[in-house]
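Derivation of every value follows stated rules applied to the coordinates shown; laboratory data play no part. Quick caveat, the model's predicted, so the values are computed rather than measured. With ideal geometry, Cβ positions are generated from the backbone for all residues, glycine too; neighbour counts draw on all protein chains shown.
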Amino acid sequence: MESLDLSFNRLQGQIPPQLTELSNLEVFNVSYNNFSGVIPQGKQFNSFDMRSYIGNPLLCGQPTDIRCIGNTFQEADYGVEAVENTIDMVSFYWSFVAAYITILLGLLASLSFDSPWSRVWFYIVDALVHKVRKLLW
């Protein structure tokens, strides 16, 4: 095998160290997945650059700027522990629904006050309902 491109596949876990045994591997790309742990080294793996691993914030080791220290990893340039940059999608969806409901309730509450623009809004809705009734009857 000369080329292995697994980018944009939502793969998780560690990169299998057995891949270093592929002696003819010239192209290797696992970018934009959710891999974690140490990047395997040896043979052709020493020649792959950062572009092969971009978008996997939990990978450490060469050629990234994140060095592995035991089970944790730190950015080599700054000595600051790396933070997991993944979004909790369940929390995101719930916050989106909560914001949508809040905005909807705010609009309905504002229409309950007697103001010129709320009267115009109800006039437009009433005219639309009458036009639809005429078309259907």
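Would you calculate, for the chain, the mean residue ellipticity at 222 nm contributed by helices, counting each DSSP H stretch of 4 or more residues as -39,500 (n - 2.57) and dividing by all residues, to the nearest 500?
Numbers: 2 runs with 44 residues, N = 137.
The helix-only estimate for the chain comes to -11000 deg cm²/dmol at 222 nm.
Cβ under 9 Å from Val27's Cβ, Val27 left aside: what net charge do those residues give with Lys, Arg +1 and Asp, Glu -1? Present the calculation step by step, with values, prior to reporting the outcome.
Numbers: positive: none; negative: Glu2, Asp5, Glu26.
Net charge in that neighbourhood comes out at -3.
Just to confirm a number: summing +1 for Lys and Arg and -1 for Asp and Glu over residues other than Val120 whose beta-carbon lies under 14 angstrom from that of Val120, what do you get?
Details: positive: Arg119; negative: Asp114, Asp126.
Around Val120, the surrounding residues sum to -1.
Tell me the label only: which of [x] 57, 21, 11; [y] 26, 18, 15; [z] 32, 22, 16 is semi-axes √(5λ) of the Cα gyration tensor in Å as calculated from this structure?
Recomputing semi-axes √(5λ) of the Cα gyration tensor in Å here picks out [x].
As I understand it, the dipole of the chain uses +1 on the Cβ of Lys and Arg and -1 on the Cβ of Asp and Glu, about the Cα centre. Which of Ser112, Phe28, Gln41 lies farthest toward its positive end?
It is Ser112, whose Cα lies furthest towards the positive end.
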